[in-house]
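One structure is given below, encoded as structure tokens.
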Amino acid sequence: EFKCQGHGIDALPEFIGDANQYAKKHKVEERCKFEVGDIRRMVDNLHDYDMVILGSIGPVFGDVETTLLKVQNCTTDEGYVIFDDGHLSATSKLKSQVYLSEKEIHRQIAEAKMKIVDQIELTSDYVKKSNSEIYENIKKRAVELMKEYPENQSLFEGYLRSQEEENDLLENHITCVT
């Protein structure tokens, strides 16, 4: 619809295979490039993007400020970073080194010399419904992949466990924000 180019990177070859199939199914494979890789190693060679989407990647590069400074070099001067993550909810008693307070995230964004153009906060009902739907799809696909790649069964089982733990956090302690 937007006639844009897309470039996706993931460490799991199976996810890249799925992405390529999805792009082909929607007839956008000429505009999409998906590759297996470690974004932490590849980021320094990525430049001139109009938009970088950090889709709930967590602390892959370090804290929020470090992450934003890292990907800032990937965008054009007028480029945007869509930062999809979360912060500790005001009522949470959780002590976390991964999830920060909203105030701390805003401080780190400012330290990275970036500004928030817009912010969308997801409702808890939306998060619960979305988590349930996404998890069922992930579980279904993980079961398929375990049959197809039995040598990686423990990897997929671990991923499912981590998704269950993450869903609990997102539904009970985190405010999801883009």
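The single residue among N167, N131, N137 that is in a helix (DSSP H, G or I) and either touching a strand residue (DSSP E or B) at 6+ places or on another chain (Cβ under 8 Å) or exposed (fewer than 15 other Cβ atoms within 10 Å of the Cβ) (or both) turns out to be N137. Counting only residues that are more than 12 Å from the chain's Cα centre (by Cα) and among the small types (G, A, S), segment 47-72 holds 1 of them.
For segment 140-164, the set of residues classified as of a type in the set (A, V, I, L, M, F, W, C) and open to solvent by less than 80 Å² (accessible area, probe 1.4 Å) consists of A142, V143, L145, M146, F156, L160, listed by residue number. Inspect all residues belonging to segment 137-147 and state whether any of them is out of contact with any helix residue (DSSP H, G or I) (no Cβ under 8 Å at 6 or more places or on another chain) and within 23 Å of L54 (Cα to Cα). Checked segment 137-147: at least one residue is out of contact with any helix residue (DSSP H, G or I) (no Cβ under 8 Å at 6 or more places or on another chain) and within 23 Å of L54 (Cα to Cα).
Restricted to segment 115-128, and to residues there that are closer than 14 Å to N167 by Cβ and either among the aliphatic types (A, V, I, L, M) or surrounded by 12 or more Cβ atoms within 10 Å (Cβ to Cβ) (or both), the residue that is modelled with the lowest pLDDT is S124.
Does any residue of segment 100-107 turn out to be among the acidic types (D, E), open to solvent by less than 60 Å² (accessible area, probe 1.4 Å) and within 18 Å of the chain's Cα centre (by Cα)? Within segment 100-107 (the criterion being among the acidic types (D, E), open to solvent by less than 60 Å² (accessible area, probe 1.4 Å) and within 18 Å of the chain's Cα centre (by Cα)), the answer is no, since none of the residues qualifies.
Assessment of segment 138-147 against the conditions (under 25 Å from V64 (Cα atoms) and either touching a residue at least 60 places away in the same chain (Cβ under 8 Å) or in contact with a Leu (Cβ under 9 Å, 6 or more places away or on another chain) (or both)) yields no matching residue. Remark: A142 matches the filter, which requires a residue to be farther than 29 Å from Q72 by Cα and assigned to a helix (DSSP H, G or I).
The values are calculated or read from the model by the stated rules, or taken from the named source; none is laboratory data. Nothing here was measured: the structure is a model prediction, and the numbers come from that model. So basically every Cβ, Gly included, is an ideal-geometry build from the backbone, and we count neighbours across all protein chains shown. Ligands, DNA and RNA are excluded from the accessible area calculation, which covers all protein heavy atoms including side chains. Shrake-Rupley method; radii C 1.70, N 1.55, O 1.52, S 1.80 Å.
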